[in-house]
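J.: Starting off with a structure, shown below.
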């Protein structure tokens, strides 16, 4: 089993397929005022069987994005005042950049479609 995992890590360069990666997304609140909304988004996405976490560090958003890119997390969800008002998330994809603002259900459908595409 250990050899298989080592070969998998070496083959993918640490960038696992979306269906296999431990964290499919990370939520990045732009300030601590939006941490409660971040946790709400996290629980809503858990209902869609998506795996992720909230970055609650008191770092600048740019540093959080850079750290998520280095960690090879497929999707970054940035939340702030506008997103909280509208019930949306601003989505960034690893290595591709900004995908725009989406409703939470739209993001869940996007991930589901990407997983199905990888498995086909």
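J.: With the condition kept exactly as written, say whether any residue in segment 101-108 is loosely packed, with under 15 Cβ neighbours inside 10 Å, modelled with pLDDT under 95 and either closer than 19 Å to residue 18 by Cα or touching a helix residue (DSSP H, G or I) at 6+ places or on another chain (Cβ under 6 Å) (or both).
T.: No, segment 101-108 contains no residue that is loosely packed, with under 15 Cβ neighbours inside 10 Å, modelled with pLDDT under 95 and either closer than 19 Å to residue 18 by Cα or touching a helix residue (DSSP H, G or I) at 6+ places or on another chain (Cβ under 6 Å) (or both).
J.: On to the next question. Under 8 Å between Cβ atoms, which residue pairs at least 6 apart in sequence (or on different chains) link something in segment 85-98 that is in contact (Cβ under 8 Å) with a residue 24 or more places away in the chain with a partner that is surrounded by 11 or more Cβ atoms within 10 Å (Cβ to Cβ) and assigned to a loop (DSSP other than H, G, I, E, B)?
T.: Note: pairs meeting the criteria are 94/15; 94/72; 94/73; 94/74.
J.: With the checklist (1) under 13 Å from the mean Cα position of the chain (by Cα); (2) in a helix (DSSP H, G or I); (3) buried (at least 19 other Cβ atoms within 10 Å of the Cβ) in hand, flag the one item residue 89 doesn't pass.
T.: Exception for residue 89: condition (2).
J.: Sticking with this one: Testing residue 84 on (1) crowded, with 17+ Cβ neighbours inside 10 Å; (2) farther than 16 Å from residue 19 by Cβ; (3) touching a strand residue (DSSP E or B) at 6+ places or on another chain (Cβ under 8 Å), one condition comes back false. Which one is that?
T.: Condition not satisfied by residue 84: (3).
J.: I'm trying to understand the selection: among the residues of segment 1-26, which are part of a loop (DSSP other than H, G, I, E, B) and either under 13 Å from the mean Cα position of the chain (by Cα) or loosely packed, with under 10 Cβ neighbours inside 10 Å (or both)?
T.: Matches in segment 1-26: 1, 13, 18, 19, 21, 22, 23, 24.
The values are calculated or read from the model by the stated rules, or taken from the named source; none is laboratory data. The model shown is predicted, which means the values in this text are computed figures rather than measured ones. Neighbour counts are summed over all protein chains in view; Cβ atoms, including those assigned to glycine, are modelled from backbone coordinates with ideal geometry.
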